[in-house]
Amino acid sequence: MNILFVADPLEQFKIYKDTTFSMMREAQRRGHEISACEPRDLGWQTGQPVTGQVRDIRLTGNADVWFTETPRRLAPLHGFDAVVMRKDPPFDAEYIYATHLLGQAEREGAAVVNRPASLREHPEKLAVMEFQQFTAPTLVTRDPAAVRAFHAEHRDIILKPLDGMGGMGIFRVREDGLNLGSITETLNKDGAETIMVQRFVPEIAAGDKRILIIAGEPVPFVLARIPQGSEVRGNLAAGGKGVAQPLSPRNREIAEAVGSALAPRGLLLIGLDVIGDYVTEINVTSPTCFQEITEQTGFDVPAMFVDALEAEVARGN
């Protein structure tokens, strides 16, 4: 196959932990050809297919110069066997525009993973609304009064923006309510933006578990991202320690319920964030933790993903 990865700039990859890199490495190991571009490289013109200014690359196995490339070329997206959308959040207007371009490429015959329409329909914070049986008490609002009432009821809460990643912009407010008004104003930009508020789940001390679901099937290990020191966030980007653990029966129950609902919608790869018994986010844009789980357990997550991608492309042919 010839696979196009739509991702962040290659020069920014931290290949020792990057999941997209691990996908590329496994694909190349199997003999597939790899190309890459950024969302800003996509374009469309009346009467023409959606195209990208793409870089055909080869992985070198050298950590210092990890890829070589040919000169950029303009290529129609439907000319690739698969297009893998791996752009990190923020889930902003430009991200939405990219999914529309990818949706047009899909209509022209491109096999896009995850499906563009499903990316739009499942923003990572708000997707939990469909699975309320697995969520802690949650509020989505712009209204500071609603935030204050939620805090009065639950006493210990987490506030976060809807478009962040890696733990950015997450605040905890305890029973004393210290700085609740200021935090709310900062996050909702004085009522201009919607935010999410959740009851604090004390099981975060045991880790914010990343559960990966590939083609509807849970990966048999999770990565518990454990907060360090006085930090409330377990995200690896916020300094959390990643510890791989076997998938528990409760984790499997949650993952199978979510996977059976979402995989048929074209979401080949899903990353659940679970604290205790509660789903806090459903990540579908660019779920991570492939390398950490593989290195700690020996279970080859990239191989499972590329198996699923190959099967998906085969079904479409």
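Listed values, structure above:
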quantity	calculated
Any chance residue 226 is surrounded by 16 or more Cβ atoms within 10 Å (Cβ to Cβ) and at pLDDT below 95	yes
Long-range neighbours under 6 Å by Cβ, at least six apart or interchain, first residue within 17 Å of residue 286 (Cα to Cα) within the range 204-218, second of a type in the set (Phe, Trp, Tyr) and crowded, with 21+ Cβ neighbours inside 10 Å	214/305
Scope the range 118-132; condition touching a helix residue (DSSP H, G or I) at 6+ places or on another chain (Cβ under 8 Å) and either farther than 20 Å from residue 193 by Cβ or surrounded by fewer than 18 Cβ atoms within 10 Å (Cβ to Cβ) (or both); matching residues	118, 119, 120, 121, 130, 131
Residue that is nearest to residue 2 (Cα to Cα) [pool: residues in the range 297-312 that are assigned to a helix (DSSP H, G or I) and over 21 Å from the mean Cα position of the chain (by Cα)]	311
The listed residue being in a helix (DSSP H, G or I) and at pLDDT 95 or above, out of 109, 103	103
Count - residues of the range 279-317 that are out of contact with any Lys or Arg (no Cβ under 9 Å at 6 or more places or on another chain), under 30 Å from residue 197 (Cα atoms) and hydroxyl-bearing (Ser, Thr, Tyr)	0
Count - residues of the range 118-142 that are in contact with an Asp or Glu (Cβ under 9 Å, 6 or more places away or on another chain) and part of a helix (DSSP H, G or I)	3
The range 46-70 residues that are in contact (Cβ under 8 Å) with a residue 40 or more places away in the chain, paired with ones that are of a type in the set (S, T, N, Q) (beta carbon under 6 Å, 6 or more apart)	50/104; 54/35; 66/60
Selected residue [surrounded by 18 or more Cβ atoms within 10 Å (Cβ to Cβ) and either not assigned by TED's automatic domain parsing to the domain that holds residue 242 or not in a helix (DSSP H, G or I) (or both)] from 178, 187	187
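The values are calculated or read from the model by the stated rules, or taken from the named source; none is laboratory data. Computed from a prediction, not measured in an experiment: that's the story for all the values here. Every residue, glycine as well, gets a Cβ built from its backbone with ideal geometry; the counts of neighbours run over all protein chains shown.
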